[in-house]
1. Pull out all pairs, ordered by first then second residue, where Cβ-Cβ is under 8 Å, the residues are six or more apart or on different chains, the first lies in the range 162-189 and is within 23 Å of Ser279 (Cα to Cα) and aromatic (Phe, Trp, Tyr), and the second is surrounded by 19 or more Cβ atoms within 10 Å (Cβ to Cβ) and at pLDDT below 90.
2. Do we have Ile265 as more than 19 Å from the chain's Cα centre (by Cα) and exposed (fewer than 13 other Cβ atoms within 10 Å of the Cβ) here?
3. Please verify whether Ser156 is among the small types (Gly, Ala, Ser) and under 18 Å from Leu220 (Cβ atoms), treating the condition exactly as stated.
4. Mind checking which residues of the range 230-248 are over 21 Å from the mean Cα position of the chain (by Cα) and in a loop (DSSP other than H, G, I, E, B)?
5. I need a count of the residues in the range 112-142 that are among the polar types (S, T, N, Q), closer than 20 Å to Glu228 by Cβ and not in a loop (DSSP other than H, G, I, E, B).
6. Output the residue which, of all residues in the range 196-222 that are hydroxyl-bearing (Ser, Thr, Tyr) and surrounded by fewer than 19 Cβ atoms within 10 Å (Cβ to Cβ), is nearest to Ile50 (Cα to Cα).
7. Determine which member of the set Ala162, Ala180, Ala176 is crowded, with 21+ Cβ neighbours inside 10 Å, at pLDDT 85 or above, assigned to a helix (DSSP H, G or I) and of a type in the set (Gly, Ala, Ser).
8. Provide a single number: the residues in the range 189-229 that are hydroxyl-bearing (Ser, Thr, Tyr), outside any helix (DSSP H, G or I) and farther than 22 Å from Thr73 by Cβ.
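The values are calculated or read from the model by the stated rules, or taken from the named source; none is laboratory data. Everything numeric here is computed off the predicted structure, so don't read it as measured data. Don't worry about glycine lacking a Cβ; one is built from the backbone with ideal geometry, like all the others, and counts go over all protein chains shown.
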Amino acid sequence: MILSLVKRNLKLYFRDKVSVFFSLLGVFIIIGLYVIFLGNMMTGYMDSFIGDLSTSQSLMRSWIMAGVISVTTITTCNGAFGIMVEDTALNRMRDFKVSPIKRWQLVLSYVISAMVVGILMSLLTLVLSEGYIYISGGTILSFSALLKVLFFILLSVFSSSALIFFIMSFLKSQNAFGTASSIIGTLIGFLTGIYIPIGNLPSGVQTIIKVFPLSHSGVLLRQVMMNEVVDITYIPNNLRIFLGINYEIGGEFLSNIVHIAYLLISGVVFYLLAIIVVSRKRSK
């Protein structure tokens, strides 16, 4: 039963080409800004520290593509959960209620569908990103690095889908979904430190970014992808902090274990909160 519902949700998502496009709109915006504006600026800044233009260009391509992959995990999950909001808005839930389908099966199907969409679209983005890096003369991922990136994508999708599920559990109309999606698409580039490097922001905003779960997946992906170009331990600490390659708290860099734990814990917390919200709706 759950598998049939998941297939139904996936068909509805991929059949709506406009929805798929808008799920990736944030990604297109980031790439456009990088090509038109951010690329030269960030490469110039990197080159002032590295002193090698070719290496600086390769590092910044990996930096921006890591951010693009991170953003994809949340924007595509958001688009997939639109099916849940649509079902609620169009009163399809009433049809499900008179069918043999249990409420938890229906909810679980939305979650699984969103995670499948997030993983598939993130993998597609990874392939396109690596293709762009290769064509541009950059360094593509080794097999061991690729495995790490795939693991971090799974973590990011888990955390992102939980956050989006929690947000969407409050929405009842397609207009509300559209508004929420616009806000998420607008803010996501700032909250992941891509539009503006985290080092350029006030300390209070930096704290908000560090609290935002998805920014931690960006850190993990940047470290792996940029490390393929040059050992990031040779990059000056102040530059690593400025670009969000590492997060510093109390004068110490956070370890990867902390980033991974934060993604896992935030995912569990948001899923539990979403389940509480959905359960209360059911009881009313």
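1. That search, which allows pairs on different chains as well, returns Phe177/Gly82; Phe177/Val85; Phe177/Leu171.
2. Values: more than 19 Å from the chain's Cα centre (by Cα): no; exposed (fewer than 13 other Cβ atoms within 10 Å of the Cβ): yes.
No; evaluated as a whole, the condition is false for this residue.
3. Taking the combined requirement at face value, the residue satisfies it.
4. Those that are over 21 Å from the mean Cα position of the chain (by Cα) and in a loop (DSSP other than H, G, I, E, B): Val230, Asp231, Ile235, Pro236.
5. Looking only at the range 112-142, we keep the residues that are among the polar types (S, T, N, Q), and these are 113, 122, 125, 129, 136, 139, 142.
Now narrow it down to the ones that are closer than 20 Å to Glu228 by Cβ: 122, 125, 129, 136, 139, 142.
Okay, now just the ones that are also not in a loop (DSSP other than H, G, I, E, B), so 122, 125, 129.
Qualifying residue count, the range 112-142: 3.
6. Quick first cut of the range 196-222, residues hydroxyl-bearing (Ser, Thr, Tyr) only: 203, 207, 215, 217.
Narrowing further to those that are surrounded by fewer than 19 Cβ atoms within 10 Å (Cβ to Cβ): 203, 207.
Values: Ser203: 26, Thr207: 27 Å.
So the residue we want is Ser203.
7. Values: Ala180 fails: crowded, with 21+ Cβ neighbours inside 10 Å; Ala176 fails: crowded, with 21+ Cβ neighbours inside 10 Å.
Selected residue: Ala162, the only one of Ala162, Ala180, Ala176 that is crowded, with 21+ Cβ neighbours inside 10 Å, at pLDDT 85 or above, assigned to a helix (DSSP H, G or I) and of a type in the set (Gly, Ala, Ser).
8. Taking the range 189-229 and keeping what is hydroxyl-bearing (Ser, Thr, Tyr), we get 192, 195, 203, 207, 215, 217.
Within this subset, residues satisfying the condition of being outside any helix (DSSP H, G or I) are 192, 195.
Within this subset, residues satisfying the condition of being farther than 22 Å from Thr73 by Cβ are none.
Final tally of qualifying residues: 0.
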